[in-house]
1. Relative to the first principal axis of the alpha-carbon coordinates of the chain, what is the inclination of helix 47-56, with its axis defined by its Cα atoms, in degrees from 0 to 90 and to the nearest 10?
2. Would you mind checking the tilt of helix 86-104 against the longest principal axis of the Cα atoms of the chain, expressed as 0 to 90 degrees and rounded to 10?
3. Between A78 and I41, what is 0.36 nm times their sequence separation minus the Cα-Cα distance? Round to one decimal in nm.
4. Around R86, with a cut-off of 11 angstrom between Cβ atoms, what is the net charge of the other residues, counting Lys and Arg +1 and Asp and Glu -1?
5. Mind pulling the angle between the C-alpha long axis of helix 4-19 and the longest principal axis of the chain? Nearest 10 degrees, somewhere in 0 to 90.
6. Could you give the distance between the Cα centres of the range 81-131 and the range 15-67, to the whole Å?
7. Given contacts defined as C-alpha pairs under 8 Å and at least six residues apart, what's the relative contact order of the range 30-145, whole-number percent?
8. Between rounded, prolate and oblate, where does the range 30-145 land on the alpha carbon gyration tensor, with a ≥ b ≥ c its root eigenvalues, rounded for a/c under 1.5, else prolate if a/b exceeds b/c?
Amino acid sequence: MAGPGNLKTKSVGQVRPVIGSRAIQWLALLGLCAAYLQGGINKATDFGSAIAEMNHFGLSPAAPFAVAVIILELGASAMILTGIWRWAGALALGGFTLVATFLANRYWEIAPPERFMMANSFYEHLGLVGGFLLVAWYDLNEARAK
């Protein structure tokens, strides 16, 4: 008779080859980086809007900030996706996201009903920060194990 422990072991054994594959890992990393790739590409192809965004958030001089954000979003995403200093790319995007979240999503300063959506965005971005911290943690521990 199969006990609960055997069922758990069997389930993990069936799922691990798929979910534990490098392809799924890369797709998960791509999903985590998707907004930064899209943002970096959009800013690079519409630099005027990138400058307007920097001005909107009071970042001056706007052009150097826009260039730095483009390089950070695309460069750190590339680091994560290629595995070259993945932990550093993850920490860079995590730190950037944390700062940007407190800059752009100050829901406590906004009256309802707009507060609701901004609060959701704030906490969703904190989730992204957590995801990037997990990527860095995993990458550093995987390197230590080798």
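1. On a 0 to 90 degree scale, this one is about 80.
2. Between helix and principal axis, roughly 50 degrees.
3. Difference between extended and current length: 12.1 nm.
4. Summing Lys and Arg as +1 and Asp and Glu as -1 gives -2.
5. So the helix axis and the longest Cα principal axis differ by about 50 degrees.
6. Centre-to-centre distance over Cα atoms comes out at 12 Å.
7. Relative CO of the range 30-145 lands at 23 percent.
8. Verdict is oblate for the range 30-145.
Only the coordinates and a few stated rules stand behind these numbers; no lab work does. The shown structure was predicted, so the numbers you read here are calculated from the model rather than taken from an experiment. Every residue, glycine as well, gets a Cβ built from its backbone with ideal geometry; the counts of neighbours run over all protein chains shown.
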